[in-house]
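Following: one structure in structure tokens, then a few remarks.
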Amino acid sequence: MRIAFISDIHGNFIALQAVLADIKRQGIDQVVSLGDTVSLGPQPKEVLDTLKELKSINIKGNHDEAILAPERAAQYEITEHLVPDLHWCRERLTESDLEFIRSFERTHEISFPNGIKALAFHGSPLKPTHIILSTTPAETLDSYFVGQTAGVFIGGHSHIQMHRRYGKKLVVNSGSVGNAFVHPYSPGNTPKLLPWAEYAIITQSGESLDVDLRRVSFDTSALLDIIKASGLPGTEWWLGQYQNG
Ligand SMILES: [Fe+2]
């Protein structure tokens, strides 16, 4: 069994299309979206329609929560200057799109035929705003994963790909499809983007699982052209990205 994990698409449909073309070549049984699907980028509707067609398993990210309740953006740790982008995005979605986002799950456990379980979430199983990095202390992971029996924990949210051992278990971050960060986010530092899309594939291999962290290039100038024509509040930030190709 081969499962593709895509996360943090953030309305970047050009990047999503590049990733799905790669997924098609990989012989995947199921796609799992780990959240933060629509806000920040110029094509939220196209992203949602594609996820509906894919019949992906969908996890709810902090941005998805905030799209459903923009008045509670701060609670979901959405920086204040991004709130206009949230409203811009929500105005482009129908009631049935919002209903679809409401159906996203907090966590989802997948059992591979060899008995190993993978637990999917956005930030941590407890909270979509928890950030897990390679430097997060093991004691913090203990508190996030208390009571869980999965052998693999996989999330997104940090926009930084990661493959980390945790005792006999693994913690994986599939990275970001639409907004791959150069450095982990820290308050006050505006993120810089890498000019590619990231995702992960987990494959059963006998008694164990193989993890493949993948990087796919996409047409950044096509994305910037769509952004220029979109009227997106965050247009200026986007246009400052991908400078060094
Ligand atoms: Fe995100």
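What to note about this one:
- Residue within region 114-132 that is small (Gly, Ala, Ser) and in contact with a helix residue (DSSP H, G or I) (Cβ under 9 Å, 6 or more places away or on another chain) present: yes
- Of all residues in region 172-186 being within 11 Å of the ligand (Cβ to nearest atom) and hydroxyl-bearing (Ser, Thr, Tyr), the one that is farthest from Ala150 (Cα to Cα): Tyr185
- Neighbours by Cβ (under 8 Å, 6+ apart or cross-chain): first from region 31-56, touching a residue at least 40 places away in the same chain (Cβ under 8 Å); second small (Gly, Ala, Ser) and in a helix (DSSP H, G or I): Ser39/Ala66
- Candidate set: region 225-236, residues that are surrounded by fewer than 17 Cβ atoms within 10 Å (Cβ to Cβ) and under 15 Å from Gln43 (Cα atoms); chosen: the one nearest to the chain's Cα centre (by Cα): Thr235
- Pair list, Cβ < 6 Å and 6+ apart or interchain, from region 142-159 residues that are away from the ligand (no atom under 11 Å from the Cβ) to residues that are among the β-branched types (Val, Ile, Thr) and part of a loop (DSSP other than H, G, I, E, B): Gly151/Ile116
- Residues within region 105-132 that are under 25 Å from Trp238 (Cβ atoms) and either crowded, with 17+ Cβ neighbours inside 10 Å or of a type in the set (A, V, I, L, M) (or both), tallied: 4
- Which listed residue, of Ser134, Ser124, Ser174, is closer than 18 Å to Asp8 by Cβ and out of contact with any Gly (no Cβ under 8 Å at 6 or more places or on another chain): Ser134
- Residue within region 196-219 that is under 25 Å from Arg92 (Cα atoms) and out of contact with any strand residue (DSSP E or B) (no Cβ under 7 Å at 6 or more places or on another chain) present: yes
- Take the conditions (1) in contact (Cβ under 8 Å) with a residue 60 or more places away in the chain; (2) surrounded by 20 or more Cβ atoms within 10 Å (Cβ to Cβ); (3) more than 23 Å from Pro113 (Cβ to Cβ); Ala180 misses just one of them, which is (1).
Where a number appears in this text, it was derived from the coordinates with a stated rule and is not lab data. The structure presented is a predicted model; accordingly, all values stated were derived computationally and were not measured. Using ideal geometry, Cβ is built from the backbone for each residue, glycine included, and neighbour counts are taken over all protein chains shown.
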